[in-house]
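K.L.:
One structure coming up, written as structure tokens, with questions to follow.
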Amino acid sequence: MTTDNSGTDGAQTAPTLNVLAQYVKDLSFENPNAPASLAPREGGPQLAINVNVNAQPLSATDFETVLTLQAKAMHGTEVVFNVELVYAGIFRIQNVPEQHLHPFVFIECPRFLFPFARQIVADATRNGAFPPLMIDPIDFAQLYQQNVLQSQQQAAQPN
């Protein structure tokens with residue numbers, strides 16, 4: 001028996017993305033030198049931000065995508081603050097061709113999660129008595145392409 005996925009006009013069913021859940025897996029905020037770190041200083045801290053995306057299938061159509069944001073503020077050799085958020089979502093993805101599924105999970109899903117994760121990081125830094133850290137928008141397509149290229153280069157290198 002075959003199933004016709006076409007609508008009344010003969011077009012294939014459009015790809016769908018449903019968010020089944022969003023949640024904080026891990027949140028850490030460190031203010032190791034408080035209250036000294038809260039004192040006025042000349043110049044702002046040096047800020048390092050790292051972003052990582054991982055995903056795993058939960059079923060044929062459901063995927064957990066995990067967005068990790070890390071931000072560390074330094075003033076010289078002193079840590080001003082360090083925040084790490086691991087934020088995840090469970091997504092149901094249907095009618096996406098197999099060859100497009102991997103980039104879909106690693107680009108579209110974190111793109112959806114990012115605004116919520118960004119707000120959590122901003123709230124954490126604000127609650128730590130610092131100005132809210134508003135992370136600039138992230139180009140997840142470019143991040144995905146960089147990671148694919150890096151994986152290909154590592155696979156090409158002899159061990």
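K.L.:
With only Lys, Arg, Asp and Glu charged, each at its Cβ (+1 for the first two, -1 for the last two), find how big the charge dipole of the chain is about the Cα centre; round to the nearest 20 debye. Don't jump to the answer; show the numbers that get you there.
P.N.:
Details: 7 positive and 14 negative charges, 62 e Å.
Here the chain has a charge dipole of around 300 debye.
K.L.:
Another one. May I ask you to evaluate 6.51 cos²θ - 1.76 cosθ + 1.60, the Karplus curve with θ = phi - 60°, for each residue of the range 25-38 and list the ³J(HN,Hα) values in order in whole Hz, giving x for glycine and proline?
P.N.:
For the range 25-38, the Karplus-derived couplings read 8, 7, 9, 9, 10, 10, 10, x, 10, 5, x, 4, 5, 8 Hz, x marking Gly and Pro.
K.L.:
In addition: Taking a virtual spin label 7 Å from the Cα of Asp136 along the C-beta vector, which residues in the range 20-64 bring their backbone nitrogen under 15 Å of it?
P.N.:
47-51
K.L.:
For the chain, find the longest principal axis of its Cα atoms and tell me its angle to the long axis of helix 140-156, 0 to 90°, nearest 10.
P.N.:
Roughly 80 degrees, rounded to the nearest 10.
K.L.:
Which values of log₁₀ I(q)/I(0), to two decimal places, follow from the Debye formula for the range 12-103 at q = 0.19, 0.23 Å⁻¹ with a uniform point scatterer at every Cα?
P.N.:
Those come out to -0.88, -1.11, one per q.
K.L.:
Next up: Taking a spot 7 Å from the Cα of Tyr23 along the direction of its beta carbon, which residues of the range 47-82 have an amide N less than 20 Å from it?
P.N.:
Counting backbone N atoms under 20 Å from the label point, the list is 53-69.
K.L.:
Let me check against my output: what whole-number percent is the relative contact order of the chain, with C-alpha pairs under 8 Å and at least 6 apart? Walk me through the intermediate numbers first.
P.N.:
Working: 240 pairs, mean separation 36.9, N = 159.
Contact order relative to length: 23 percent.
K.L.:
Ok, one more. Would you compute, from DSSP H runs of 4+ residues alone, the mean residue ellipticity of the chain at 222 nm, taking -39500 (n - 2.57) per run and dividing by the full residue count, rounded to the nearest 500?
P.N.:
Calculated at 222 nm, the ellipticity per residue is -8500 deg cm²/dmol.
K.L.:
Once the Cβ-Cβ distance between Ile90 and Arg41 is put in as r, and R0 is 41 Å, what FRET efficiency do you end up with, to the nearest 0.05?
P.N.:
Values: r = 42 Å, r/R0 = 1.03.
Once rounded, the FRET efficiency stands at 0.45.
K.L.:
Distance from the Cα centre of the range 137-157 to that of the range 57-105, in angstrom?
P.N.:
The distance from the Cα centre of the range 137-157 to that of the range 57-105 comes to 15 Å.
Laboratory data are not the source of any read-out in this text; all were calculated from the coordinates shown. This structure is a prediction, so every number in the text was calculated from the model and none was measured. Positions of Cβ are generated from backbone atoms using ideal geometry, with glycine treated the same way; all protein chains shown enter the neighbour counts.
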